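Notes follow once the structure below has been shown.
The values are calculated or read from the model by the stated rules, or taken from the named source; none is laboratory data. Worth saying up front: this structure is predicted, and the values here are computed from it rather than measured. For neighbour counting, all protein chains shown are included, and Cβ atoms are generated from backbone atoms with ideal geometry for every residue, glycine included. Side chains are part of the model used for accessible areas, which takes the heavy atoms of the whole protein and leaves out ligands, DNA and RNA. Shrake-Rupley method; radii C 1.70, N 1.55, O 1.52, S 1.80 Å.
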Amino acid sequence: MSTRREQILAAAAELFARHGFHGVGIDEIGAAVGVSGPALYRHFRSKDAMLGEMLTSISEVLLTGGLDRRERTEDPAKLLGELIAFQVDFALDNPSLITVQERNLGNLTDPDRRRVRALQRRYVEVWVQAVRDTAPDLDEPTARAAAHAVFGLINSTPHSRHLGRDGMATMLREMAAAALAGAGGETRR
């Protein structure tokens, strides 16, 4: 069972994804969880604080997931396949969070933006190293560009359900693996 704080963040993510950060008031977030807007201040000091916690949390989940996979997977190609599957699952299971992350980084306070960016850079480094480990001759800028291209591919489809969730997951994993193979990396799905 989720806490009230988690319920508030989930409702805020849905509203921010649908209407944009500036298009949503505190009263609308409160109404979405069945409380008055001012009651939210018991949980968050401001709407900015909600967004900061939301985007920091996303970045922490992704980094932890990437590091966990790297820690337990020795085969570079298998690791890359696991990273792809992890990112695909996260994007498809959290479409509102992906949308908020893509659109609202600029709305964070400076300290929150620095923290989120630092976490994101560390997550990207997990991918860059995995790509380079599968293709030792690949230079770092190309591996970095390939990782960002794959993020763009995966994260661009959070609301697309033309094939159903499982069909989308399979297609995205295969497309991401093919994109990385085209950049010089190999993956095992």
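Observations, loosely collected:
- The conditions of being without any contact (Cβ under 8 Å) to a residue 60 or more places away in the chain, within 17 Å of Lys78 (Cα to Cα), out of contact with any Leu (no Cβ under 6 Å at 6 or more places or on another chain) and not aromatic (Phe, Trp, Tyr) are met by Ala183.
- Number of the exception - Leu153 against (1) farther than 23 Å from Ser57 by Cβ; (2) open to solvent by less than 40 Å² (accessible area, probe 1.4 Å): (2)
- Restricting Asp68, Asp75, Asp27 to residues that are closer than 30 Å to Val131 by Cβ and more than 22 Å from the chain's Cα centre (by Cα) narrows the list to Asp75.
- When Arg122 is tested against (1) open to solvent by 60 Å² or more (accessible area, probe 1.4 Å); (2) in contact with a Ser or Thr (Cβ under 9 Å, 6 or more places away or on another chain); (3) under 29 Å from His19 (Cβ atoms); (4) touching a residue at least 24 places away in the same chain (Cβ under 8 Å), just one condition goes unmet, and that condition is (3).
- Given (1) modelled with pLDDT of 95 or more; (2) β-branched (Val, Ile, Thr); (3) not in a helix (DSSP H, G or I), number of the condition Val131 does not satisfy: (3)
- Residues of the range 100-119 classified as open to solvent by 40 Å² or more (accessible area, probe 1.4 Å), modelled with pLDDT under 95 and out of contact with any Phe, Trp or Tyr (no Cβ under 8 Å at 6 or more places or on another chain), total: 2
- Answer residue from the range 17-75, given it is among the β-branched types (Val, Ile, Thr) and not in a loop (DSSP other than H, G, I, E, B) and is surrounded by the fewest Cβ atoms within 10 Å (Cβ to Cβ) among those: Thr64
- Tally of residues being over 16 Å from the mean Cα position of the chain (by Cα) and over 13 Å from Leu51 (Cα atoms) across the range 104-127: 1
- Number of the condition not met by Pro158 [criteria: (1) in contact with a Pro (Cβ under 6 Å, 6 or more places away or on another chain); (2) modelled with pLDDT of 95 or more]: (2)
- Test: residue in the range 83-92 that is under 19 Å from the mean Cα position of the chain (by Cα), closer than 20 Å to Ala13 by Cα, open to solvent by less than 10 Å² (accessible area, probe 1.4 Å) and of a type in the set (Gly, Ala, Ser): yes
- Every residue from the range 97-124 that is under 21 Å from Arg70 (Cβ atoms) and touching a helix residue (DSSP H, G or I) at 6+ places or on another chain (Cβ under 9 Å): Val116, Arg117, Ala118, Leu119, Gln120, Arg122, Tyr123, Val124
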